[in-house]
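**Student:** Handing you this structure, nothing more for now.
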Amino acid sequence: MSSEAETESKRIRSSEPDLKVIIGSASDVGGERCGEKNDAEHNGVVTKWYHSQTLATKSKYIDALLAAPMKESESRTITFPDIAPETWELMVKFIDDPIACRSMKAEDVVKVAKFYDKYDFGGGRNLCDLILFDYFKSVRKDESVMVVPDVDFIVASVVLADEANLGKAFEEGMKFIWEIMNCMYVPVGRTMFSEEHMKKLAPLLEKTTDAIYMCEKRLKCRYGDLKSDTFPIAFVKNCSNWLTHHIMCNFISRIKVSGSYCAVDGDYEGRPPEFCANALRKVRWDGVLNNVSIELRTKEEGWAIILKTIPPLDEEGEPDHDSIVETIAWKAPHSGNMPLPPSKGWISAHPRARGELKLAYILKEG
């Protein structure tokens with residue numbers, strides 16, 4: 001039998017199709033529908049005929065309608081006004097044709113999955129779960145290719161997996177989302193997500209099993225922040241600040257302090273939130289040797305230049321860190337939100353700290 005002779009209703013000689021299925025919005029059709037047992041289209045609304053037992057085995061929704069004393073079982077007519085005819089064609093093709101389902105792609109899943117779930121086509125839903133799971137797994141596996149994936153599609157697919165009850169796909173998709181949110185690469189990393197992306201993802205992040213750990217340890221936020229309307233904006237802003245910070249640090253070789261008229265003048269190396277003097281350089285302060293560093297204390301305290309006494313060794317030969325005495329020599333008020341210590345605006349925090357302290361950023365060569 002040629003492919004042209006095969007119809008969607010899978011007619012067989014021994015039995016006539018007995019179930020009328022109308023796909024599309026009934027409000028778009030005027031007049032009587034075609035009553036003949038063949039496919040008919042009126043203004044974008046399609047009428048098709050199927051064997052009721054065959055279709056009922058694929059959809060519990062259809063089976064329930066035909067089994068109950070309702071108008072659908074009496075008229076042998078079922079309507080799907082929210083499904084476009086071309087979408088229905090895909091739905092039937094993937095659950096009827098084993099060869100077609102092998103060529104199903106993630107883009108096809110996005111088109112049909114919610115209808116498979118809504119009308120309880122169990123086989124179709126399971127197929128979508130498998131295809132989307134494999135898609136997310138392939139994206140996660142492709143770590144060597146630093147090409148920005150289709151973030152819009154990935155986010156939409158994860159949202160769909162949740163809405164259409166695609167459990168395995170949702171779990172695998174959220175693993176990928178968390179990995180990207182924790183990734184500090186550019187452009188494939190946390191900076192890929194927009195506010196609109198995060199609005200859609202925030203409710204889903206709450207559903208993952210490791211959400212509390214990931215928020216507190218990786219994103220440096222509280223689990224409860226996910227419920228806040230400001231979370232998407234704050235997340236994107238933090239990512240932007242991090243990127244700016246990351247770029248600046250890559251260009252800075254060291255920080256040079258001058259003008260203090262005390263032993264803290266000199267070069268400091270490191271990365272925020274701490275820049276330290278050379279390990280071999282010790283500062284004598286009030287007759288005691290100290291290590292000296294530029295540190296971001298807290299958001300409230302801001303940046304400060306701190307001296308720390310060198311700890312003696314305990315009985316086991318390890319440094320006794322509890323004995324360290326800290327002395328703040330200089331501090332920069334209102335600098336807690338700055339990614340790097342300010343070049344000006346420093347004030348003395350100790351009688352021996354005098355003069356007008358200045359910082360200079362020494363850039364890397366090349």
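**Student:** Accessible area of the stretch 88-136 with a 1.4 Å probe: how many percent of it is carbon plus sulfur?
**Tutor:** Summing carbon and sulfur atoms, their accessible area is 55 percent of the total for the stretch 88-136.
**Student:** Would you mind computing, in nm to one decimal, how far apart the modelled labels at Glu326 and Asn165 are, each placed 7 Å from Cα along Cα→Cβ?
**Tutor:** Going from the Glu326 label point to the Asn165 one covers 5.5 nm.
**Student:** List, in the order given, every pair from Lys331/Lys364; Lys114/Lys199; Lys114/Lys237; Lys93/Lys175 whose Cα-Cα distance in the structure shown is over 23 Å. List each step's numbers first, then the result.
**Tutor:** Numbers: Lys331/Lys364 26 Å; Lys114/Lys199 20 Å; Lys114/Lys237 33 Å; Lys93/Lys175 31 Å.
From Lys331/Lys364; Lys114/Lys199; Lys114/Lys237; Lys93/Lys175, over 23 Å: Lys331/Lys364; Lys114/Lys237; Lys93/Lys175.
**Student:** Oh, and also: Among 230-240, 171-181, how do they line up from the highest to the lowest mean number of other beta-carbon atoms within 10 Å? Mind dumping the intermediate values first?
**Tutor:** Details: 230-240: 15.7, 171-181: 19.1.
The peptides rank, most packed first, as 171-181, 230-240.
**Student:** For Ser15 and Thr230, FRET efficiency with R0 = 45 Å and r from the beta-carbon atoms, rounded to 0.05?
**Tutor:** On the way: r = 61 Å, r/R0 = 1.36.
That gives a FRET efficiency of 0.15.
**Student:** Averaged per residue, what accessible area in Å² does the stretch 90-174 show with a 1.4 Å probe, protein chains only? It would help to have the intermediate numbers written out before the result.
**Tutor:** On the way: 4300 Å² over 85 residues.
Accessible area per residue, the stretch 90-174: 51 Å².
The values are calculated or read from the model by the stated rules, or taken from the named source; none is laboratory data. Values in this document were obtained by computation on a predicted structure and should not be read as measured data. No Cβ is skipped: glycine too gets one built from the backbone with ideal geometry, and neighbour counts run over all protein chains shown. The protein model used for the area step is the full one, side chains on, heavy atoms only, and it has no ligands, DNA or RNA in it. Shrake-Rupley method; radii C 1.70, N 1.55, O 1.52, S 1.80 Å.
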